[in-house]
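Working notes for the structure below.
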Amino acid sequence: MRKWLLLFLYATATMAQSPITAVKTGTFYFKADDYAGFDAFGFQYFIKDNAFIKSNGKDKFEYKKIAFGKITRADIQNPLLMVLFYEDFNAAVLLDNQLNEVREIRFNDLSSPVVAHALGMAGQNRLWLFDTLTQQIMLFDYLKNTLTPLATPLKETVKTYQSDFNNFYWIDAKDDAYVIDVFGKVTAMGKVPPNDAMLFLSGQSILFTTDGKLLFRDGKSGTVQTVLGTENSPKKFYCEAQILAIFTNFGITNYKITLP
């Protein structure tokens, strides 16, 4: 009931505005367990049988590290230096553009050990990290093996998160969204709508899925529009430079979209 009430409140905030267009541009067929995104060079990144795979349909690269167990998350923001997070093993691996291992990181072996629950690529040889021992968001310098805590410990745990080189976004257990920058400034972004998956965009706008639909919420007006209907039923999605990739059981369908 709460989910439908919140959806109704978000939907009734919709005002007259230019509709969002989504034009299908092609499909890349493959079977995978999870999807990490695409890059500007035409490569798709996905996880299958706990192997991290990069493919454009002709060339294919693969990386697997059995010793670290299951891949929790793959960050491909920088296709020349990517990071795989293995939460169960409290470890991470950095990979180059051909998926060769560049660096192995074991957080248990640091002089001040941490238990990483969230991890993502930041700028200047650093990683974003949320440590469950201190409930703090940190920056980890992987060349110096040093940690820099940012802001005060969180009152609520991190439920879901997203990061870029300059910002770390998270949603807590109460469905409140926040963003912190590399200088430690925290900005509250309000309640998030009920969703199965969500992606933060610029200007506090978001894309999110619920009940098989992909929706867009404008960060300025709070209005909500449908991007794609239930016929697509995405398992996951990725959006960059007005290109939307929808991950289903059959692979990736790409769309050119126009967002406000």
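Among the residues making up the stretch 37-53, those that are in contact with a Lys or Arg (Cβ under 8 Å, 6 or more places away or on another chain) and closer than 20 Å to residue 80 by Cβ are 43, 44, 45, 52, 53. Annotation: residue 18 fulfils all but one of (1) modelled with pLDDT of 95 or more; (2) over 20 Å from the mean Cα position of the chain (by Cα); (3) of a type in the set (Ser, Thr, Tyr); the unmet one is (1). When the stretch 94-113 is filtered for residues that are among the hydrophobic types (A, V, I, L, M, F, W, C) and modelled with pLDDT of 95 or more, the ones remaining, listed by number, are 94, 95, 99, 102, 105, 107. Residue pairs whose Cβ atoms lie under 7 Å apart, sitting 6 or more positions apart in sequence or on different chains, and linking a residue in the stretch 22-48 that is more than 15 Å from residue 236 (Cβ to Cβ) to a partner that is open to solvent by 40 Å² or more (accessible area, probe 1.4 Å) and among the hydrophobic types (A, V, I, L, M, F, W, C), are 29/250.
For the stretch 208-245, the set of residues classified as polar (S, T, N, Q) and open to solvent by less than 20 Å² (accessible area, probe 1.4 Å) consists of 209, 210, 223, listed by residue number. When the test is whether a residue is hydrophobic (A, V, I, L, M, F, W, C), under 25 Å from residue 197 (Cα atoms) and under 14 Å from the mean Cα position of the chain (by Cα), residue 85 passes it.
Against the test of being open to solvent by less than 60 Å² (accessible area, probe 1.4 Å) and not in a loop (DSSP other than H, G, I, E, B), the options 71, 47 yield a single qualifying residue, 47. Screening residue 55 on (1) surrounded by 15 or more Cβ atoms within 10 Å (Cβ to Cβ); (2) within 22 Å of residue 162 (Cα to Cα) shows it passes everything except condition (2). Comparison of 96, 172, 109, 164 shows that the only residue that is in contact (Cβ under 8 Å) with a residue 40 or more places away in the chain and among the acidic types (Asp, Glu) is 164. Right, residue 40: at pLDDT 95 or above and of a type outside the set (D, E, K, R) or not? Taking the combined requirement at face value, the residue does not satisfy it.
Filtering 83, 23, 93 for residues that are farther than 22 Å from residue 240 by Cα and β-branched (Val, Ile, Thr) leaves a single hit, 93.
Are any of the residues in the stretch 189-207 open to solvent by less than 20 Å² (accessible area, probe 1.4 Å), modelled with pLDDT under 95, among the small types (Gly, Ala, Ser) and closer than 24 Å to residue 139 by Cα? There is no residue in the stretch 189-207 that is open to solvent by less than 20 Å² (accessible area, probe 1.4 Å), modelled with pLDDT under 95, among the small types (Gly, Ala, Ser) and closer than 24 Å to residue 139 by Cα. Residues that are open to solvent by less than 30 Å² (accessible area, probe 1.4 Å) and small (Gly, Ala, Ser) within the stretch 161-188 comprise 163, 177, 184, listed in sequence order. For the stretch 116-173, the set of residues classified as of a type in the set (Gly, Ala, Ser) and on the phi > 0 side of the Ramachandran plot consists of 151 only. Within the stretch 132-160, if we keep just the residues that are part of a strand (DSSP E or B) and of a type in the set (A, V, I, L, M), the residue that is nearest to residue 192 (Cα to Cα) turns out to be 158. Note on the stretch 161-204: among residues that are in a helix (DSSP H, G or I) and of a type in the set (Gly, Ala, Ser), the one that is farthest from residue 237 (Cα to Cα) is 203. Being within 19 Å of residue 182 (Cβ to Cβ), open to solvent by 10 Å² or more (accessible area, probe 1.4 Å) and either part of a strand (DSSP E or B) or in contact with a strand residue (DSSP E or B) (Cβ under 6 Å, 6 or more places away or on another chain) (or both): is that true of residue 77 here? Yes.
The values are calculated or read from the model by the stated rules, or taken from the named source; none is laboratory data. Because the structure is a prediction, the values reported are computed rather than measured. Please note: Cβ atoms are built from the backbone with ideal geometry, for glycine as well, and neighbour counts cover all protein chains shown. Remember, those area values only see protein heavy atoms, side chains included, never the ligands or the DNA or RNA. Shrake-Rupley method; radii C 1.70, N 1.55, O 1.52, S 1.80 Å.
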